[in-house]
Amino acid sequence: MVVGSVLVTGGTGYIGSFTALALLEADYKVVIVDNLYNSSEEVINRIELICGKRPAFYNVDITDEAGLDKVFDEHPDIDNVIHFAALKAVGESGEKPLEYYYVNVYGSISLLRSMTKHNVTNIVFSSSATVYGDATRFPNMIPIPEHCPIGPTNTYGRTKSTVESVISDHIDAQRNNAKKQGNPKSGEKWNAALLRYFNPCGAHPSGIMGENPLGVPYNLLPLLAQVAIGKREKLLVFGDDYKSKDGTAIRDYIHVLDLAKGHLVALNYLREHQPGVKAWNLGSGRGSTVFEMIKAFSKVVGRDLPYEVVERRQGDVLDLTANPALANEELKWKTELTLEDACADLWKWTENNPEGYDQAPRKEFVEA
Ligand code: NAD
Ligand code: WQD
């Protein structure tokens, strides 16, 4: 029995593909929209291989409102959206702000317009812990609760906080308009979850689905995996002069399978409780330093991985650890998998798929 139907934008990407899998496993129908800018269609086969169900796939750009309209027209049963599609490289966002605002902000507006025309009223949005910026600038804000003031320190983060505002304003307006028209009940069907993820990592334990390493990775664990598989000589550790127990920066690493489940429970919560707009942190509540991560990954690989300490990376902050109490209480969600699980699954995926989904890197990445 199908429990509902979900349009997943960015559903061939890393987190989107795991969420599509979790949705199919929970008997949702899944329709993926992705322009394959940073992903491979091969992931659709891998999803089917794991769960025996195949999501529908459309190669559509989210900035193409007419293209989105067509997808909604072909699937009138879609009643929810999970919105992952975005550009996500922090460094690049400072170099190409217009592209980042165009895809992330305008693309989200185009999606909301198309949803509204088709009376699709629940949206789960991929926000990011990066919207908090440096939470250590406030007293008592580590671990970070949702009421920590927003203050992104990079262009990518500002696109995410802008989309949070766009979604909130739109949902509020739809609810207020319905009230003015004397039909507040019909307004209550408008709901949004703003999910602020901390540091997603890991892969499927089968070793057949993971983060597709197109181009040069930016994040710590994919880089460590490249060192371990011999594609990179050593890891550069960005600073060992932070005020942490070993001098390296602290992050809250969360297994992508736990994160995918977080989307499922957030969507179910919107459908059952109609809360309006709610932000939830999705993190473990446990911080790990860069050195601890190197140690944990070295352990599953079975040898010490080479590294060199260099200068701090511009824009990095000391500590981004979640306070996930709200998601624990309201969504009845908490992380179940450990760092060791994430490292072991990532290593299995890397050994099995050194070239990701066997796709040649795109030209611009090769030249970068
Ligand atoms: P990803 O790059 O693997 O997935 C994003 C997907 O969106 C890709 O498949 C890409 O092809 C697609 N896409 C990009 N532009 C598009 C467009 N114009 N139209 C249609 N599709 C488009 O990234 P991810 O790590 O899976 O991230 C998913 C979401 O989560 C993003 O919104 C990202 O900002 C957010 N997020 C990621 C992290 C992280 O560390 N991975 C952390 C917090 C938030
Ligand atoms: C983790 C730690 C680095 C690489 C980013 C985005 C954030 C979110 C998640 C999307 C930091 C250190 C890293 C390396 C290192 N994405 N590091 N050497 O910066 O916490 O978060 O991804 O929303 O918005 O900013 O993740 O994996 O890049 O870094 O020492 O080669 O590892 O300094 O302390 P980050 P990361």
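Tabulated data
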| read-out | value |
| --- | --- |
| Cut-off of 10 Å, at most 12 other beta carbons, DSSP loop: longest stretch of the chain lacking such GluC sites (Glu not before Pro) | 1-232 |
| Rg(Cα) / (2.2 N^0.38 Å) computed for region 1-150, rounded to two decimals | 1.13 |
| Whole-number percent relative contact order across the chain, with pairs defined as alpha carbons under 8 Å at least 6 apart | 19 |
| Relative contact order (%) - region 195-338, alpha-carbon pairs under 8 angstrom, separation at least six | 35 |
| Accessible area of region 121-219 belonging to carbon and sulfur atoms, whole % at 1.4 Å probe | 51 |
| Segment TYR37-LEU98, extension gain: residue separation times 0.36 nm, minus the distance between their alpha carbons | 20.3 nm |
| Leading residue at positive end of dipole, the chain (Cβ point charges), from TRP347, MET209, ASN199 | ASN199 |
| Tensor-based shape of region 53-141 (alpha-carbon gyration tensor, a/c under 1.5 rounded, otherwise prolate or oblate) | prolate |
| Interchain or long-range residues, amide H under 5 Å from VAL309's placed H | VAL237 |
| Helix 155-180 vs. the chain, principal-axis angle (Cα, 0 to 90°, nearest 10) | 20 |
| Å² of accessible area per residue within region 211-360, as computed with a 1.4 Å probe and no ligands counted | 47 |
| Region 58-194, relative contact order in percent, only Cα pairs under 8 angstrom and at least six apart counted | 27 |
| With all protein chains modelled, accessible area of ASP169 [1.4 Å, Å²] | 100 |
| Cα centroid of region 281-346 to Cα centroid of region 108-123, whole Å | 34 |
| Furthest towards positive pole of dipole, TYR58, GLY182, CYS148, structure part the chain, Cβ charges | GLY182 |
| Residues with amide H under 5 Å from that of ILE82, placed H, sequence gap 5 or more | LEU7, VAL8, THR9, VAL124 |
| Cross-link reach list, lysines versus LYS299, counting only Cα pairs under 28 Å and skipping chain neighbours closer than eight places | LYS231, LYS234, LYS243, LYS245, LYS261, LYS334, LYS348 |
| Tail weight of P(r) past 38 Å, computed on alpha-carbon pairs of the chain, percent | 14 |
| For region 1-78: Kirkwood Rh in Å [reciprocal of mean 1/r, alpha carbons] | 12.4 |
| Karplus (6.51, -1.76, 1.60) ³J(HN,Hα), θ = phi - 60°, over region 233-248, in Hz, Gly and Pro reported as x | 5, 7, 8, 8, 8, 7, x, 10, 10, 7, 7, 10, 5, 10, x, 9 |
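The values are calculated or read from the model by the stated rules, or taken from the named source; none is laboratory data. Just so it is clear, the model here is predicted, and its values are computed rather than measured. Glycine also receives a Cβ, built like all others from the backbone with ideal geometry; neighbour counts cover every protein chain displayed. Accessible surface areas use protein heavy atoms only, side chains included; no ligands, DNA or RNA. Shrake-Rupley method; radii C 1.70, N 1.55, O 1.52, S 1.80 Å.
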